[in-house]
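Structure, as structure tokens:
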Amino acid sequence: MRLADIRKDYTLKSLEIKDVSLDPLRQFKLWMDEAIDSEALEVNAMCLSTLGLDGFPNGRIVLLKELDHGFVFFTNYESEKGNELNSNPKASLTFFWAEIERQVRVIGEVAKISEEESDEYFFSRPFGSQIGAWASPQSREISGREVIEANQRVIEEKFTPTTMVRPPHWGGYRLVPHRMEFWQGRPSRLHDRICYTKEAKGDWKISRLAP
């Protein structure tokens, strides 16, 4: 089959301004709950897009780990994404839940969360994942997988579950949104798009966008 011939008509739901929450984070939580109930695959996966140091946009899939007044994710601060966020602390997130024919786009500013918050999440992870945070020089060029495996053995000899500490180069970021768009698939590509934009006084302007 040619790529140009692949088509899907979206028919499950609709989206109207009168039906959405006045708070986009509340609306997102409602949609996330529905996505979880639908047993969507990797429901908390999101495409994090940053601005590369070369000026080109750069995207990758990461996992949402907390939702409060922003979207929290974790990574190596010395990774490619970490260096890009250090240079330009603005980013976008994209969620897509095929099972319920929905997409959410989020744009905002990013900042590191507190060390206490990073510690709390780090020590909730399996011990193997804690080892992994130490073992991988994320985004750096390596000669082969044996480099990672050797690092892993060294860290496993150094730490036990009771002596483990969080790597200083690993922790969380929070993206606080100033724009969010909710997309509901509809027939004939005439999709519903509801956009929230943060205004100067802190209120959210809600508008409908053409598909």
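Read-outs throughout are calculated quantities, based only on the coordinates presented, and are distinct from any laboratory measurement. All figures in this text were calculated on a predicted structure; none of them were measured in a lab. For neighbour counting, all protein chains shown are included, and Cβ atoms are generated from backbone atoms with ideal geometry for every residue, glycine included.
For this structure, a couple of remarks:
- The simple spin-label model puts a point 7 Å past each Cα toward its Cβ; for residue 65 and residue 5 those points are separated by 4.5 nm.
- Looking at the chain, the pairs of alpha carbons with a distance over 32 Å make up 28% of the total.
- Structure-based [θ]222 nm, the chain - -39500 (n - 2.57) summed over DSSP H runs of at least 4, per residue, nearest 500: -7500 deg cm²/dmol
- Cα pair distances of the stretch 144-192 binned at 10 Å [whole percent]: 16, 24, 17, 12, 22, 9
- Diffusion coefficient (Stokes-Einstein, Kirkwood radius over C-alpha pairs, 10 °C, 1.306 mPa s) for the stretch 126-165: 151 µm²/s, rounded to a whole number.
- Between amide H atoms placed 1.01 Å from N, distances below 5 Å from residue 108 occur with 91, 178, all of them 5 or more places distant or on a separate chain.
- Once you reduce the stretch 44-64 and the stretch 151-211 to the center of their Cα atoms, the two points are 10 Å from each other.
- Cβ charges +1 (Lys, Arg) and -1 (Asp, Glu), total dipole of the stretch 62-211, debye: 740
- Residue (of 22, 94, 195) at the positive-pole extreme of the chain, dipole from beta-carbon charges: 195
- Each Lys and Arg adds +1 at its Cβ and each Asp and Glu adds -1 at its Cβ; summed about the Cα centre, the stretch 126-165 shows a dipole of about 80 debye.
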